[in-house]
1. So B:Asn50 fits all but one of (1) in a loop (DSSP other than H, G, I, E, B); (2) modelled with pLDDT under 95; (3) out of contact with any helix residue (DSSP H, G or I) (no Cβ under 8 Å at 6 or more places or on another chain); (4) surrounded by 11 or more Cβ atoms within 10 Å (Cβ to Cβ); what number is the exception?
2. In region A:255-274, is there at least one residue being out of contact with any strand residue (DSSP E or B) (no Cβ under 7 Å at 6 or more places or on another chain), more than 7 Å from chain B (Cβ to nearest Cβ) and within 16 Å of A:Cys151 (Cα to Cα)?
3. It is to be established whether one or more residues within region B:149-157 are at the interface with chain A (Cβ under 7 Å from one of its Cβ atoms) and either within 29 Å of A:Glu79 (Cβ to Cβ) or crowded, with 23+ Cβ neighbours inside 10 Å (or both).
4. So, restricting to strands (runs of 3 or more DSSP E) that lie completely within region A:165-268, which ones have at least 3 residues that are more than 18 Å from A:Ile96 (Cβ to Cβ) and of a type outside the set (Lys, Arg)?
5. Would you check which residues across region A:286-324 are part of a loop (DSSP other than H, G, I, E, B) and basic (Lys, Arg) and list them?
6. Assess whether A:Asp284 counts as being among the acidic types (Asp, Glu), within 10 Å of chain B (Cβ to nearest Cβ) and in contact with a helix residue (DSSP H, G or I) (Cβ under 9 Å, 6 or more places away or on another chain).
Amino acid sequence: MINSEFVAGNGLINRRAFLGHGIAIAGTMTTAGTATAAAAEPLNDPQWSLQFGSTLPPLQIASPYEKDVVRSLSNPNGEFRNSHARTPHHLLGGTITPNSLHFSIDHSGVPNIDPAQHKLVIHGMVRQPLEFTLETLSRYPLVTRINFLECAGNSAPMFSKEPLQVTAQAIHGLVSNAEWSGVPLSILLDEAGIDRNAKWLIAEGADAHFLDRSVPVKKAYDDAMVAIYQNGEHLMPGNGYPMRLLLPGYQGNMNVKFLRRIKVVDQPAMSMFETKTYSQILPDGRTWRFHFLMEVKSFITYPSFGHNLKEPGFHAISGVAYSGTGRIAKVMVSADGGKSWGEAALQGTVHEKAFTRFVMPWHWDGQPAILQSRAWDEAGNAQPLRAEFVAARGEARNPVTTPLAFPNQHYNSITSWGVDSKGVIKHVYA
Amino acid sequence: MSMHNRLGALILALLFVTESALAQSPKLGKPISEADIKQWDIAILPDGTNLPAGNGTSAEGAKIYAEKCVACHAEGGKGGASPGAGPLVGGAPLTNGIDTLKTISNYYAYATTVFDYIRRAMPFNMPRSLTDNEVYALTAYILSLNKLISDNDVIDAKSLPQVKMPNRDNYIIPYPDRI
């Protein structure tokens, strides 16, 4: 047994207190007297144990008790426009986003693609244009990697001057994390014989927008893949079935879904999505182009808006951290609005450009608290504080009335959850 | 490291080099000619590369707009109710704030983007149904609504890349090392 120790204000406990040790509650905590649970009731056999259960379906889905663990939709009535489905981070644990809950954005609907008919061509500045199919790509030695995928507009509601009172799903639901398997794009480009003067690829999808983005050849030879599996099964339709470009750490829209064509060129296409939607206005009116990389970020998923704390005492603060640059190096957590910080424990293996779950033991004394997390990546990049972030990148001038709005792109600053003395959690800026 | 281990490491390194030199790429791609890709090859570059033959004027575009675009984008390109069918005309200065609505005249750097997007994605309910002449004409109509060309200008593969867009030089590439 070791004594727990507070490492920062408002009850944050040394993360090491729980690593394979028992814990002795320090005097300050026992005198608070709130951590002691009421004695349990005598046990009876529940009804579900006393009868034959259901037999197995071919494709299993979550328990009916998990009916609220679903994606939230921007276009629930199937109107003739784009649609977004957001991951319910506040209801999930671990790091892998289940395929049924992976975020998805479609600008012109999800095409119903017959994988036997789908083709991918690589052409342009190559020695020999080539055509691939799902069947031929499946015969390559595949690589497997865990990577997050984040829409450049994720967390955009936080450009609002006032914090929106919505869940982590509504704010941060346009990022997910999965295990992807596919063929390294560099192998396919080499087979086609890429011209040494080529600088860009135009990647194009088979959706009704023929959505296209320009990708630097440099990224293609770094870690790009044509992904055909997502968490061990073929891609979900909304995630690009039967094949998509995967550019680890780069804004979601560049990871072209339903990939059908890669044209090798010497200049970027300046497609609508790269010159308009996914480039950013700066506060002085200039604009940023080719930002690409999703920078270091973290947010607390528990406790967060929508989880009201039932009682004071022990709670494990938990969330996810990730960086498009590389691995997460550390995550600091504050319970007093940033006055003091304690280092969180990182759970499991820390992968490059992937979710890392952090956990911070916390004794809530029943007083108001403001919970925050701040991540650093292995290159030394720190998640910016909100004040410094909006000073550089701006705040929306118009009131943001819906979390579905995108007042700007690439928001990666700190999220703050304010807990009041009743345990009710609000989204605050601190 | 002992002499023996060093020798072992050297042999391993040599084996590795030999093996990679022999490693064969699966080469399962089927050769295809550029001619057979032509129908798919719709990407237009900002210098005009790959713009098709044909042309159009604003007056021709206005007629097509009234038939195929106005239902969503409204009269005169003012923009419809659907969030995707924003205005095609006008636009506030970008110094109005980060949340300024991005439009063709206040934001697009190249007129080729207008042609490219109409050609690949419009009309929303029937992409790739317009002829190249119709795409040129609609591009001319929208550019003239924005006073970026004169009403009588003919838009074709030669003139389109030369249209000067107001925001062309207002871009910064913050991370040139990523390119």
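The values are calculated or read from the model by the stated rules, or taken from the named source; none is laboratory data. Predicted model only: the values in this text are computed from it and were never measured. Cβ: placed from backbone, ideal geometry, glycine included. Neighbour counts: every protein chain shown.
1. All conditions pass for B:Asn50, except number (2).
2. No, the conditions are met nowhere in region A:255-274.
3. No, because not a single residue in region B:149-157 is at the interface with chain A (Cβ under 7 Å from one of its Cβ atoms) and either within 29 Å of A:Glu79 (Cβ to Cβ) or crowded, with 23+ Cβ neighbours inside 10 Å (or both).
4. Here the list reads A:200-205, A:212-216, A:259-265.
5. A:Arg286, A:Arg289, A:Lys310 - these are the residues of region A:286-324 that are part of a loop (DSSP other than H, G, I, E, B) and basic (Lys, Arg).
6. yes
Yes/no matrix, rows are residues, columns are (1) of a type outside the set (S, T, N, Q); (2) within 30 Å of B:Gly86 (Cα to Cα); (3) away from every other protein chain (no Cβ under 14 Å); (4) touching a Gly at 6+ places or on another chain (Cβ under 7 Å):
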residue: A:Pro46; (1), (2), (3), (4): yes, no, yes, no
residue: A:Leu56; (1), (2), (3), (4): yes, no, yes, no
residue: A:His84; (1), (2), (3), (4): yes, yes, no, no
residue: A:Phe103; (1), (2), (3), (4): yes, yes, yes, yes
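Each row is one residue, and each column tells you yes or no for (1) crowded, with 18+ Cβ neighbours inside 10 Å; (2) closer than 14 Å to A:Met158 by Cα.
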site	(1), (2)
A:Met360	yes, no
A:Leu371	yes, no
A:Arg374	yes, no
A:Arg386	yes, yes
A:Ala391	no, yes
A:Glu395	yes, yes
A:Pro399	no, yes
A:Thr402	no, yes
A:Ser421	no, no
